[in-house]
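Notes follow the structure.
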Amino acid sequence: MEDNGGAPSNLLDDAVGALAGRFVAVEDSVETSAAFVLHHLLKRALSPLSPTVVLFVSFAHPFSHYDRILRKLGCNLAAQRDNKRFFFFDMLMWEYQDRDEEKTRGDGLVALYGEIQKLISDLPEERKNSVTIMIDDVSLMEVAAKGSTNLVLDFLHYCHTLTSELGCSLVALNHGDIYSSTERPTLILQMEYLAGILIKAEPLATGLAKDVHGQLTVLNRGDGQGSRYKLCNFHFKVKENNVEYFFPGSRS
Amino acid sequence: MPDIKFHSFLSTFFLGSSRLDCYSDPLGWKDGFSLETSNVASSCKNVKDVHKLLSTIIELGQGLVGQGKVRFSAAIDSVSEMVRHASVSSVSGLLSNLRSHDQVSSIFWLLHSDLHEDRVTAAFEYLSTMVASVEPLNQFGNGQRSNMNTFPLLEQSFAKGKFHVRFKRRNGRVRVACEEVRVEQSDVNFTSVSSDNGMINEGLIPKVQFNLQLSEKERLDRASVVLPFEHQGNGKPIQIYDGRRSLTNTKDEMTSVSTGKSETNDSSKGEIIYFRDSEDEMPDSDEDPDYDLDI
């Protein structure tokens, strides 16, 4: 199965490789947003040649936001939603109550996980192992969980079990700079421990530039079946309808 | 940091050829949903109940070796996960109890020290007879998390590291060993530490965009600079270098000073007698420049 859906591959796709069964942790900061990485992986998953079903959990933006952005990238989210290839979980209004209510009320993270699992098990056989779960973003999930880092980690852990048991892929975005003043940034460290692929967006060491918006570092830990550590670093420029990726100094 | 996993699953007890799966459903969220799981001997659905966990481990172990004199080992991946769900004291209690059980020969556990406060790591180290720790080869000087400015070091640190071991012997003595560990495709290789002090110094020197050290050529050039007023003592007239012209091309314009031996001491000419009082010091050396002041 061609993972990038037949589109010409770019540096990001090469660095990430096949997504099946992997957990991709995306880290960014206020200076350099990595939202475009999420959009790119979403578009890649929904390409016509790939059978992937996407479950998108949003704590950050409503459906219309992603619909507008993906439309510019050439992907119709509304149509994909109607075709049952794209499922949107709007968690913007969710707020954690307490542990007991979590189990009884049925609208917390435990319930969300239950819904995700049920959705996957209800899929036709051939689609069961090409599911991508995306979370935008983990820091807002923590806010909605009233700071309960453990609950967020439990949720991520359970989603991770889906990657190892069913071959799903998991993509989660978090903001590194939020934890920079914390002595022990547990949440982001735990995510880095859990992740098989870590994509970090940072500003250039030399500061702002017109033609380069930042740099991406992709650490691919290998899937444990022969491929080993791969560390890539390259620059990017976010344009209106696409993103350019290039090695430093290779642009004229 | 080298990523040495015991298995491809987290939070799993591995008992000889038996596994207690605390990874797939540690909190019972999957109750009611049946997912196809691989044939695992046993699974734990409530890792918060440490007492139950302990008895399950012992049961499984005894199931493997029987009730006789044969003993079993337990490996825990990872204690860091356990401590998320239960208190440090209860997890320490589990380890202590396991350790003192007649049929348990040894226990191995994994702890990610960067996820816990020092006292938590210390508590588990205290319990153990051997502590093996893996650290990056190059410690970042100010303890900062790695970022792009440290990219070359980052690249190295994922496949290699320093492996420290501290054994507590029965006679009370402590033995410490250190090796370099390299994670290959399917292997982990240990070699003795390379005594490359340059590597250590790299970590201590701040990373700025200008050179704080001298290159070899610069060192040689510096050594061959002729200092003004220095007594060269090779019989030739000393030439004072006034700093504006090179020594070689303007000989006739140079002022010569008598060496004081073979030439007459003309009282109308000035003389400069210079004795170098100390060896050339490297900048920023620790020596106090005023130590030989005689006030």
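The values are calculated or read from the model by the stated rules, or taken from the named source; none is laboratory data. Since the structure is predicted, the reported quantities are computational estimates derived from the model, not experimental observations. Note: ideal-geometry Cβ built from the backbone for every residue, glycine included; neighbour counts use all protein chains shown.
Looking across segment B:165-202, the residues that are closer than 30 Å to B:S215 by Cβ and at pLDDT below 80 come down to B:V193, B:S194, B:S195, B:D196, B:N197, B:G198, B:M199, B:I200, B:N201, B:E202.
Of the residues making up segment B:110-121, not a single one is in a loop (DSSP other than H, G, I, E, B), within 11 Å of chain A (Cβ to nearest Cβ), surrounded by fewer than 16 Cβ atoms within 10 Å (Cβ to Cβ) and at pLDDT below 85. Residues that are of a type in the set (D, E) and within 11 Å of another protein chain (Cβ to nearest Cβ) within segment A:123-147 are absent altogether. With respect to (1) over 15 Å from the mean Cα position of the chain (by Cα); (2) at pLDDT 65 or above, the lone exception for B:E135 is condition (1). Only one entry of A:L109, A:L140, A:L46 meets the criterion of being touching a residue at least 40 places away in the same chain (Cβ under 8 Å) and under 26 Å from A:K239 (Cβ atoms), and that entry is A:L46. Only one entry in A:D177, A:D211 is more than 16 Å from the chain's Cα centre (by Cα), of a type outside the set (F, W, Y) and away from chain B (no Cβ under 14 Å), namely A:D211. The number of residues in segment A:214-240 being more than 9 Å from chain B (Cβ to nearest Cβ), part of a strand (DSSP E or B) and at pLDDT 85 or above comes to 10.
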